[in-house]
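Taking it in order: structure first as structure tokens, then the write-up.
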Amino acid sequence: MNGWTLITGASEGLGVEFARIAAREGRNLILTARSEDKLNALADELRDSAGEVVVIPADLNQLSEADRLWQAASEARDIDILVNNAGLGSHGDFADGQNWTRELTSINVNITALSLLMKRAIPHMQGHGGGRIMNVASVAGFTPGPNMAVYHATKAYVLSLSEAVAEELRGGAVTVTAVCPGATATAFFDAADMHGIGLLKLRKPMTARGVAETGWAATLKSRRVVVTGLMNKLFALSPRFSPRWLTTFVAGKIMGK
Ligand SMILES: NC(=O)c1ccc[n+]([C@@H]2O[C@H](COP(=O)([O-])OP(=O)(O)OC[C@H]3O[C@@H](n4cnc5c(N)ncnc54)[C@H](OP(=O)(O)O)[C@@H]3O)[C@@H](O)[C@H]2O)c1
């Protein structure tokens with residue numbers, strides 16, 4: 001594979017690390033997020049190692065922007081890896097009306113834009129000899145999440161969609177991988193106002209580099225689902241061994257402040 005790799009959410013955190021890994025492999029990169037200055041700085045850093053690097057800023061809160069991004073990215077380019085990584089969360093009570101704007105944005109970015117990019121990417125990749133789609137879900141996708149109810153629900157959607165479409169595509173040249181990190185040291189927690197939650201007191205977040213390396217390797221191997229880290233694997237398995245009310249209760253405790 002030596003086509004183009006499109007990475008969403010490439011201005012921060014995991015997206016930057018995915019871009020560094022892809023650059024190390026000499027791939028051609030399309031970097032997108034809203035923060036054009038950060039994307040340009042990353043592009044400058046990567047140009048020595050990567051093939052070509054193109055920056056296309058886009059606000060994935062708008063469906064039309066996701067569509068424009070795909071058109072601009074894929075015109076005259078063979079995209080063979082899509083990293084659907086952009087995402088955000090919102091902490092607090094679902095009943096608190098003040099959270100709605102950010103919750104709605106997380107639905108638009110985590111679900112709607114991700115789905116559209118995937119829907120555009122599949123026929124494009126099938127027409128160009130194949131490809132890999134990585135959807136960044138979360139261990140949050142395995143359980144309901146009181147105090148982050150909408151975020152957990154968006155990631156359950158990403159996980160379910162990824163596995164279902166991977167099955168539809170079975171045996172073909174395009175594969176879909178759901179990458180499910182647990183707590184990872186990025187700007188995510190600041191952005192979602194999550195400092196002081198139980199989860200962050202329980203254990204140190206994994207490094208963004210380590211999580212990205214695991215997710216990237218699993219995607220190239222066409223694995224369907226990868227959960228990063230042993231504790232996160234155990235957490236993801238817990239709904240199989242305990243009643244749903246108990247899993248939801250525990251998730252609420254560790255997501256609470
Ligand atoms: N950190 C964790 O503990 C953790 C755990 C599990 C899963 N995840 C998932 O991992 C993915 C990456 O998160 P991260 O931890 O790297 O978080 P991050 O450091 O906050 O980065 C989020 C990225 O998403 C982009 N983004 C946010 N809103 C956007 C919008 N409206 N339009 C376009 N891009 C937007 C941001 O870019 P701009 O602000 O420049 O637009 C940024 O590049 C997310 O899907 C997240 O849900 C994270």
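The values are calculated or read from the model by the stated rules, or taken from the named source; none is laboratory data. Remember, it's a predicted structure, so these values are computed and weren't measured experimentally. Neighbour counts run over all protein chains shown; Cβ positions are idealised from the backbone, glycine included.
Do we find a residue being under 16 Å from Asn110 (Cβ atoms), in contact with a Phe, Trp or Tyr (Cβ under 7 Å, 6 or more places away or on another chain) and not in a helix (DSSP H, G or I) anywhere in the range 179-195? So far as the range 179-195 goes, no, none of its residues is under 16 Å from Asn110 (Cβ atoms), in contact with a Phe, Trp or Tyr (Cβ under 7 Å, 6 or more places away or on another chain) and not in a helix (DSSP H, G or I). Going through (1) assigned to a loop (DSSP other than H, G, I, E, B); (2) touching a residue at least 24 places away in the same chain (Cβ under 8 Å); (3) away from the ligand (no atom under 15 Å from the Cβ) one by one, Gly89 falls short only on (3).
Condition check ((1) within 15 Å of the ligand (Cβ to nearest atom); (2) surrounded by 22 or more Cβ atoms within 10 Å (Cβ to Cβ)) across all residues:
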{"position": "Thr8", "(1), (2)": "yes, yes"}
{"position": "Ile21", "(1), (2)": "yes, no"}
{"position": "Leu31", "(1), (2)": "yes, yes"}
{"position": "Leu39", "(1), (2)": "yes, yes"}
{"position": "Leu60", "(1), (2)": "yes, yes"}
{"position": "Ala66", "(1), (2)": "yes, yes"}
{"position": "Gln71", "(1), (2)": "no, no"}
{"position": "Ser74", "(1), (2)": "no, no"}
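The listed residues are Ala140, Ala149, and the only one of them that is in contact with a Phe, Trp or Tyr (Cβ under 7 Å, 6 or more places away or on another chain) and within 12 Å of the ligand (Cβ to nearest atom) turns out to be Ala140. Checking the structure you have, find out if any residue of the range 17-32 is at pLDDT 95 or above and more than 23 Å from Thr175 (Cα to Cα). No, the range 17-32 has no match at all. Every test in (1) in a loop (DSSP other than H, G, I, E, B); (2) more than 13 Å from the ligand (Cβ to nearest atom) is passed by Ile81 save one, and that test is (1).
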